[in-house]
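One structure is given below, encoded as structure tokens.
FYI, it's all coordinate maths here, none of it is from the lab. Here the structure is a predicted model, which is why all the values come from computation and not from measurement. As a convention, Cβ positions derive from the backbone with ideal geometry for all residues, glycine included, and neighbour counts pool all protein chains shown.
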Amino acid sequence: MSQKLPLMLLPGLLCDAALWQHQVNSLITMADCQVADLTQHETMTSLARAVLSAAPPQFALAALSMGGYVALEIMRQAPERVIKLCMLDTSARADTPEQKERRRLLLVMSQSGKFKGVTPRLLPLLIHPARMDDKELTATIFAMAERVGREAFHRQQTAILNRIDSHASLKQIKCPVSVICGRQDVLTPPEITREIADGISGAEFTIIEDSGHLTALERPERVNQIMKKWLAG
């Protein structure tokens with residue numbers, strides 16, 4: 001019988017298993033990794049239920065960006081099933097009116113047949129400015145978005161638009177928690193991500209230097225190092 005810890009990995013908006021490939025490869029001796037599909041539902045409640053239905057009875061949970069919103073809903077629905085929690089580049093806040101408006105504009109753009117234009121528009125918000133010419137990194141991001149597709153993008157954005165503020169429920173999280181954020185993350189900057197760590201007793205907070213929003217892809221070695229410590233702790 002395997003002694004490895006089951007680990008559910010939740011991707012972000014327009015991301016799939018490729019977001020976590022470096023971690024799956026690096027953590028193979030410590031964890032049985034499973035990347036959840038967050039493309040089939042348009043509410044956080046339903047997304048969390050889908051993850052829980054596919055997950056083992058107890059598991060560690062790591063989540064980036066939109067995946068973090070789903071993770072917080074999982075912690076409300078079934079906290080007893082999560083052994084450890086790792087949150088990357090995400091927020092406990094609900095969208096501001098300005099953020100809601102930006103999401104609606106992206107939805108209108110994709111609905112008008114310009115879905116392929118969404119990812120180039122988002123790219124400067126996703127990665128460190130110095131990585132914009134990194135063809136391997138940007139090709140991975142574009143390929144993930146293409147695989148997720150327009151209809152799933154609409155469902156994901158609808159779920160994000162209607163999510164609740166999660167600050168009040170943070171104090172109910174009792175498992176070991178690691179919170180990670182890229183120093184140059186402009187979507188969920190360190191001061192926003194830090195709110196999650198501040199709201200959970202005993203949570204550890206780490207800033208990753210020279211990284212934007214997609215730390216798992218941009219700085220995989222550093223993320224792997226932090227996650228190995230988290231899993232072993």
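Report Rg/Rh for segment 1-144, rounded to two decimals, where Rg is the Cα radius of gyration and Rh the Kirkwood radius.
Using only Cα positions, Rg/Rh for segment 1-144 is 0.99.
Grab the other residues whose beta carbon is less than 14 angstrom from that of Met87, score K and R as +1, D and E as -1, and report the net.
-3
Taking neighbour counts of Cβ atoms within 10 Å as a proxy for exposure, in what order, fewest first, do Ser91, Ser169, Ser53 appear?
So the ranking, lowest neighbour count to highest, is Ser53, Ser169, Ser91.
Can you check what the net charge comes to around Leu9, using other residues whose Cβ is under 12 Å from the Cβ of Leu9 (Lys, Arg +1; Asp, Glu -1)? Write down the numbers at each step before the final one.
Working: positive: none; negative: Asp16, Asp32, Asp37.
My count for the surroundings of Leu9 gives -3.
Let me know the shape class of segment 40-96, please: from the alpha-carbon gyration tensor, a ≥ b ≥ c as square roots of the eigenvalues, rounded when a/c is under 1.5, otherwise prolate if a/b is greater than b/c, or oblate.
On the way: a/c = 1.94, a/b = 1.29, b/c = 1.51.
Verdict is oblate for segment 40-96.
By the scheme Lys and Arg +1, Asp and Glu -1, what is the net charge of all other residues having a beta-carbon under 12 Å from that of Gly233?
Local net charge: +2.
In the chain, with Lys and Arg counted as +1 and Asp and Glu as -1 at Cβ, which of these residues, Leu9, Ile207, His154, has the Cα nearest the positive end of the dipole, that is, farthest along it?
Comparing the listed Cα positions along the dipole, His154 ranks first.
Scan around Cys86 for amide H atoms under 5 Å from its own, H built in the peptide plane at 1.01 Å from N, and keep only partners 5 or more places away or cross-chain.
Leu61, Ala62, Ala63, Ser178
Quick one: of the DSSP bridges fully inside the chain, what percent are antiparallel, nearest 5? Don't skip to the end; give the middle numbers.
Working: 0 of 24 bridges.
Bridges in the chain are about 0 percent antiparallel.
Using the basic label-point model (7 angstrom from Cα toward the beta carbon), what is the Glu146 to His167 distance in nanometres?
4.2 nm
Residue farthest toward the positive end of the dipole of the chain, with Cβ of Lys/Arg at +1 and Asp/Glu at -1: which of Met132, Ile173, Ala197?
Highest projection toward the positive end goes to Ile173.
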